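The values are calculated or read from the model by the stated rules, or taken from the named source; none is laboratory data. These numbers were taken from a predicted model, which means no experiment stands behind them. Here Cβ is always computed from backbone atoms with ideal geometry, including for glycine, and neighbour counts include all displayed protein chains.
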Amino acid sequence: MNFDLSKENAMIRKEVRRFAEKEIAPHVDQWEKAWEIPEHVFAQMGALGFMGIPFPQAYGGMGGDWVGMHICIEEISRADIAIGLVLDASISLIAQELFIFGTEAQKRKWLMPIIRGEQIGAFALTEPDAGSDAAAIQTKAVLDGDQWVISGVKQYISCIGMANASIMIVAAVTEDNTCEKRIISTFIVPKNAPGVSLGRRYPKLGMMRSATNEVVLDNCRVPKDNLLGDPKRGLAQHLTVLETGRISVAAMSVGLAQACLDEAIRYAKARKQFGRPIFDHQSVRFKLSDMAAGIELARNQYLKAAWLKDQGRKHTFETAVAKLFASETAEKVASDALQIHGGYGYMEECPVSRYYKEAKLNQIIEGTSEIQRMVISRVLAKRF
Ligand SMILES: Cc1cc2nc3c(=O)[nH]c(=O)nc-3n(C[C@H](O)[C@H](O)[C@H](O)COP(=O)(O)OP(=O)(O)OC[C@H]3O[C@@H](n4cnc5c(N)ncnc54)[C@H](O)[C@@H]3O)c2cc1C
């Protein structure tokens, strides 16, 4: 067994951390107030290769692996989890779906600009009546000559409201009622396609710099060629990339939790009560130790899931464990970090008050904690 990172991935951690500390961390509060992340950040990350780590050089990628991509997501999320979420949606979900299931022409047209950091992709699955039960979507697509006509409403869609968002991959029902299982297909829908309109941008508990929108598809027309992959396996294709997305959410959680621990240690060493730094009170030290232990385990687990993926091995169980444990750990670590900051932790100017609000999201997106437990228990059911 070898727990060392490859030379390339150790370098990725070092380079991404340097970039994130210099180009991202100092600006996050300002972006949060402005409700945006500037486009140039993604262009910079594209130029450095961070948006294409696991993809072949022929498509502008780095020719690396998913371990490297997730180390990048962790380090970016340590500085700004909202950018981590963009990497999750645009790279782990959209770029990967285009790479695995797209035609050569689709890859050249849509994948390459995303890898260059010029464009962002969005994943449009959730609907008002279909969240955890994704197979219940109502959006429909009908072939009309050489165009698909798509109608429906998608909700809580990340990234599509960003200025540099170019496409979304939309799941829609293409055949209904006639068979036991409805047939769901996936389509590449440009943001500016006729019939696409962005509904409201949701105000949220936190992370306002990350755009989350409703999307209305009203007889939206896209060319026949915008069908992605196998028309009968759209949902299965989505689930394939969602498995990677869950590793990404785990890596995002670890990055955020690490930022909480860093702040908590710094504060505990500086803040004095009862004549000594609060770090020297055993209950504070033990809280910090528990936080560090949880982060260490969560990091090891997301790396294991990513490594299994890179080996082409099954990783459903390991991924569900990683997503569940890392997101629950991040929420607990954020809460403990806030507690260590006392009253200051509750002040808006304290970074940990922001982390506390942001940590919750990862227990919800890409399969809630309850859905991860369902996935884990399905594996357990087969074991004996
Ligand atoms: C900020 C944000 C960004 C998002 N970005 C995207 C995006 O880019 N693209 C996209 O498609 N979606 C996105 N989503 C949607 C997200 O994936 C869903 O919110 C999530 O899958 C849960 O679905 P739901 O909200 O409908 O909750 P529901 O499915 O209604 O669940 C409500 C509660 O019931 C529980 N529950 C449901 N079914 C079961 C069950 N069988 N057993 C036990 N418990 C159950 C859930 O765990 C949860 O606690 C985003 C959501 C948010 C908040």
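Kindly list, by first and then second residue, each pair from a residue in the stretch 87-103 that is crowded, with 24+ Cβ neighbours inside 10 Å to a residue that is among the polar types (S, T, N, Q) and not in a helix (DSSP H, G or I), limited to pairs with Cβ atoms under 6 Å and residues at least 6 apart or on different chains.
From residues that are crowded, with 24+ Cβ neighbours inside 10 Å, the pairs are A89/S158.
Give the residue that is farthest from the chain's Cα centre (by Cα), with candidates limited to residues of the stretch 40-54 that are of a type in the set (A, V, I, L, M, F, W, C) and part of a helix (DSSP H, G or I).
The extreme case among them is A47.
Step by step: first the residues of the stretch 150-166, then only those that are crowded, with 19+ Cβ neighbours inside 10 Å and farther than 23 Å from E36 by Cα, then the one that is nearest to the chain's Cα centre (by Cα). Which residue is that?
The extreme case among them is G152.
Determine, yes or no, whether A82 is among the small types (G, A, S) and either in contact with a Ser or Thr (Cβ under 9 Å, 6 or more places away or on another chain) or in the same structural domain as W307 (by TED's automatic domain parsing) (or both).
yes
If you check A141, A136, A124, which single one turns out to be under 19 Å from the mean Cα position of the chain (by Cα) and over 16 Å from Y59 (Cα atoms)?
The match here is A124.
For the stretch 77-104, which residues satisfy the criterion of being under 21 Å from V196 (Cβ atoms) and in a helix (DSSP H, G or I)?
V86, A89, S90, L93, I94, A95, E97, L98
Taking the residues in the stretch 125-139 that are in contact with a helix residue (DSSP H, G or I) (Cβ under 8 Å, 6 or more places away or on another chain) and among the hydrophobic types (A, V, I, L, M, F, W, C) as candidates, determine which candidate is nearest to E214 (Cα to Cα).
L125
Across the stretch 113-144, which residue is nearest to the ligand (Cβ to nearest atom) among those that are in a loop (DSSP other than H, G, I, E, B), more than 29 Å from E39 (Cβ to Cβ) and touching a residue at least 40 places away in the same chain (Cβ under 8 Å)? Quick ask: steps written out before the conclusion?
The first filter runs over the stretch 113-144 and keeps only residues in a loop (DSSP other than H, G, I, E, B), leaving 116-119, 125-126, 128-129, 131-133, 137-139.
From what is left, the residues that are more than 29 Å from E39 (Cβ to Cβ) are 128-129, 131-133, 137-138.
Retained after the next criterion (residues that are touching a residue at least 40 places away in the same chain (Cβ under 8 Å)): 132, 137.
Details: S132: 3, I137: 10 Å.
Taking the candidates together, the pick is S132.
Keeping to the stretch 350-384, report how many residues are over 21 Å from R246 (Cβ atoms) and among the β-branched types (V, I, T).
Going through the stretch 350-384 one residue at a time, the tally reaches 1.
Being in a helix (DSSP H, G or I), touching a helix residue (DSSP H, G or I) at 6+ places or on another chain (Cβ under 9 Å), surrounded by 24 or more Cβ atoms within 10 Å (Cβ to Cβ) and assigned by TED's automatic domain parsing to the domain that holds L93, is that true of even one residue in the stretch 55-63?
no
Examine the stretch 213-228 for a residue that is in a helix (DSSP H, G or I) and more than 30 Å from A134 (Cα to Cα), and state whether such a residue exists.
Among the residues of the stretch 213-228, not one is in a helix (DSSP H, G or I) and more than 30 Å from A134 (Cα to Cα), which makes the answer no.
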